[in-house]
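Working notes, beginning with the structure itself.
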Amino acid sequence: MDATFWYKLALSFIVGSAWVTLSTVVAERYGSRLGGVIAGFPSTVAVALLFIGVTQTPLAAIQATTVMPLAMALNGVFMIVYLLLARRGLAVALTSALVIWFLQASVLLALDIQHFWISVAGWVLIAPACYFVVEKLMTIPSRPGVRVAYSHAQIAFRALFGGALISFAVLLGKLGGPVYGGVFAIFPMMFISTLVITYHAGGADFSRAMGKAILVGATVNVSLYTMVVRYTYAWTGLVYGTAIALVLACGVGYLTYRFMRAKLS
């Protein structure tokens, strides 16, 4: 592995640490809706795609986006499994959700989807269905903030835990090439780290509320980000393409939060 990859791994750790810590603290202080929007921002995906372009080629980064919208929608299924089982214990819920995720990923990789429109069509079908299930068929009210007395050790643990998990996903993507990189770039490590932390901070119900908000925020914003960079990378290059997509992601995040305030129970 060349030196650039290690820079990517280090940056993934830093971004992941900061974003997991920020999203969980915001959720605890200001409620699950805003925390879910922040956790669903395409922070680590932006790093992953940028460095695929740097360490390989911009074309490889564009190819990696082919499967991402559908893979991100399938992360919604991962979240639904967790939400269904969270009250039975964190280990049971996460283990079951991860089994489902790996089964879905195996099928997705075996299909070897080469057409972007197929991936987008899958996202259009699955993402709204996941929202319908968690909002209309499951009773998971959004939660206000909870009182948490933070210590330096708690903040450090969150940063290390989140950064380590997300760096591991980046490493898996590197070992697998562009196709596997596209799948593992949206491996639900941000979901897992956030759910674990909020479960311990506020209990199963708070973690479930956070999970519902992340499902909505991430399936919209991360997926749209990958659709945008697929074209901005080709038109403007990696740096400007990433900048344009991140600016648009901020706007999408704001609109998603407005939607959550109005429509998310």
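Give the residue list of trypsin sites (Lys or Arg not before Pro) in the range 65-139 that are DSSP loop and have at most 15 other beta-carbon atoms within 10 angstrom. Loop-located and lightly packed - none at all.
Each of T95 and W6 was given a label point 7 Å from its Cα along the Cα-to-Cβ line. The distance between the two points is 3.7 nm.
What whole-number distance in Å separates the alpha-carbon centres of the range 192-265 and the range 97-125? That distance is 19 Å. Karplus-derived 3J(HN,Hα) values for the range 218-225, using 6.51 cos²θ - 1.76 cosθ + 1.60 with θ = phi - 60°, are 6, 5, 7, 6, 5, 5, 5, 4 Hz; glycine and proline are entered as x.
Just so you know, all these numbers are worked out from the coordinates, no wet-lab data involved. Model, not experiment: these values are computed from the prediction. Backbone-built Cβ (ideal geometry, glycine too); neighbour counts: all protein chains shown.
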